[in-house]
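Structure first, then comments.
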Amino acid sequence: MIQSEQRLSEAQQRVYDSMVELLSRVGLQYQGDFVEAGGYRIHYLEYGFGPTLLLLHGGGAGGAMWFRQIAELSKSFRVIAPDNPIFGLSSRPARQLEVQEVTTGFVESFMDALGIQRALIAGLSMGGFAAARLAAESPGRVERLALLDSAGFGRDLPWGFRLSSLPLLKFLLTRPQRWAHERFFAATEVVHADAEHNDAYLDYAFRVMQADGHAIAVRQNMPVFAGIRGQRNLLDDDELSSINAPTLVIWGEQDRFFPLDHAHRARARIPNARLEVLPDCGHVSPLDQPQMVTGLLHGFMSAG
């Protein structure tokens with residue numbers, strides 16, 4: 001049960017129920033709560049004891065998408081997986097946000113709210129962008145950094161997302177339709193769409209799409225990140241060269257969102273970085289190659 005006093009709407013209750021089911025697939029009972037951070041009500045999951053490891057998800061579903069990693073990594077770390085604003089059970093803003101609000105601003109505010117001065121941080125896609133920018137702007141807060149198929153290393157982006165900047169297509173692309181959601185997942189996000197537990201993940205992600213205000217918030221904020229030319233916000237060479245945290249770059253060899261040359265740019269520009277390319281793996285590597293990702297994260301985060 002959620003620890004703090006928090007009333008859930010019917011749609012939020014469905015998100016919660018599907019999240020609990022997803023976590024149960026790997027033997028986890030729900031452990032989470034809400035906190036005020038950066039002006040938003042942020043939901044997060046927390047498991048285990050030890051060095052603090054933040055897991056930042058990308059632009060879909062919520063923190064429970066790390067369910068396989070949480071189950072294993074919480075044996076060695078205090079694992080915290082927040083729902084970024086707009087996603088999971090966190091607040092849906094009623095306006096277009098500045099990119100800083102949902103990247104470094106959100107992560108620092110969240111860490112402050114939980115009394116975390118410094119942490120190990122892993123981020124997927126947009127979560128990777130937030131983690132990398134935090135490491136560049138506030139190096140004292142990031143002990144070790146893992147970037148998984150991260151945004152921010154080049155303009156390349158699927159045309160569906162580029163066209164989402166157009167008003168009519170933006171509306172059509174953000175309508176919660178289960179068949180379209182499942183087709184997009186199989187065609188764009190992963191190689192192994194029929195892998196074990198993906199049914200529970202897809203239900204969780206779809207329930208998030210149906211939650212109150214989600215579609216509107218996505219429509220308002222998609223142009224912050226994507227335009228006809230591709231990704232709008234990139235990490236420049238000066239930002240990347242200023243990252244001094246040991247960095248692990250993990251990339252799916254068949255990533256259809258961000259091509260592999262983005263990973264090579266990250267490896268070349270971040271001073272203390274190494275690159276691991278995962279074969280037979282798409283964009284959402286924690287789902288597509290969960291054992292590889294978990295093993296790499298455990299070894300890397302334990303090395304300090």
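Computed from the coordinates by the stated procedures, all read-outs in this text should not be read as laboratory data. Remember, predicted model here, so these are calculated numbers, not experimental data. With ideal geometry, Cβ positions are generated from the backbone for all residues, glycine too; neighbour counts draw on all protein chains shown.
Quick notes on this one:
- In loop segments of region 3-53 as defined by DSSP, the GluC sites (Glu not before Pro) with at most 16 further C-beta atoms inside 10 Å of their C-beta are E5.
- For region 1-60 versus region 137-159, the inter-centroid distance based on Cα atoms is 23 Å.
- The equivalent ellipsoid that matches the C-alpha gyration tensor of region 1-94 spans semi-axes of 20, 15, 12 angstrom, in descending order.
- Over all orientations, region 10-302 has a Cα convex hull whose mean projected area works out to 12.9 square nanometres.
- Sorting the segments 69-82, 112-125, 190-203 by their mean number of nearby beta carbons within 10 angstrom, highest to lowest, gives 69-82, 112-125, 190-203.
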